[in-house]
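This report refers to the structure that appears directly beneath it.
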Amino acid sequence: RAVRWNIGKQWYQRRVRGLQAFVAVYCISGCVLPITTTSCVKMLQVLLLIGLLQGIAGEVSCDGQIITDIKLQTEAAQTKYDEETELKTLMAIEPEADTRQTVLGYSLITIKPPNYSDVKFSPCLKVDKTNAEGHKVVLLAQPYPLGEGFCVSSSLDGFAKQCNVNEFKWCDDVVNGAMFQFSCYQQSCEKQSINILTKMVVSDSNEGGKVEYWCDSTNDTYPSSLIRTKPNVAPDYKGKDPSTNKEKKKESAAFSNTAQLLVLGIAFLIPCLF
């Protein structure tokens, strides 16, 4: 399947380049040959349409942008994380660190937009899986911290570029050599860097009955869930028992009433003594 996909893509790209060259020569020749302005404009419209078709076919610019140390993870490995340990790791993440930082299997990658960075960098992840027939793969991504906009594009035919998502998920059949590229989005392009936590997980099985609905039941635990699901433990109450205070208040009130009646009785008896 991967071989057929690559051959089909190469055939498509050769046809597109040939059509682009034909349109360019056709319009330039209008300076010499009697070609009407209307026909040339129509051909230019075709040229613009070709650009749109290229986007639909899936185009990325990953030369020098591929991150090679992020590999496909196994499905079984996703159940071996301790949430307390991973939460501490998440809180200690340093985006500027020189080493690759990971939490819950997600790796921290950084987008460097062209406007405020010395070198533009739109990182790419590559699906590298031999004997991929029948397997499924899921790509998960989340900005760190939450709220930063980013886009994901792919070399896969039919993949529509997606932007401004807080929790990105794509899952489908494995295509060996497929590329996924992360880039900035709108306001985030005005920043020096955008940090993304991302990982790719491949199904352990390639049997049709076991992986047919695998994409619907993947472990989609995002790093932010470590904080959202953390239970808030109320501190132990160390004050006095409020029920005891109420009883004391009742006793005090009863004593006060008795004292008042005694004083009134003495005041009534004093004139009778003289």
| task | Would you check if Gly209 is part of a loop (DSSP other than H, G, I, E, B), surrounded by fewer than 18 Cβ atoms within 10 Å (Cβ to Cβ) and not charged (D, E, K, R)? | result | no
| message | With the requirement that a residue be surrounded by 14 or more Cβ atoms within 10 Å (Cβ to Cβ) and within 30 Å of Gly158 (Cα to Cα), what does the stretch 72-103 give you? | response | Leu72, Gln73, Glu75, Gln78
| task | Could you run through the stretch 121-154 and say how many residues are within 10 Å of the chain's Cα centre (by Cα) and among the hydroxyl-bearing types (Ser, Thr, Tyr)? | result | 1
| request: Within the stretch 155-178, work out how many residues are under 19 Å from Tyr106 (Cβ atoms) and part of a strand (DSSP E or B). | output: 5
| said: Restricting to the stretch 157-168, give me the number of residues that are in contact with a strand residue (DSSP E or B) (Cβ under 8 Å, 6 or more places away or on another chain) and touching a residue at least 40 places away in the same chain (Cβ under 8 Å). | reply: 3
| Would you pick out the residues in the stretch 110-161 that are of a type in the set (Val, Ile, Thr), open to solvent by less than 60 Å² (accessible area, probe 1.4 Å) and over 26 Å from Asp216 (Cα atoms)? | Thr110, Ile111
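The values are calculated or read from the model by the stated rules, or taken from the named source; none is laboratory data. Everything numeric in this text was worked out from a predicted model, so none of it was measured. All Cβ positions, glycine included, derive from the backbone under ideal geometry; neighbour counts span all protein chains shown. Side chains included, ligands, DNA and RNA excluded: accessible areas come from the protein's heavy atoms. Shrake-Rupley method; radii C 1.70, N 1.55, O 1.52, S 1.80 Å.
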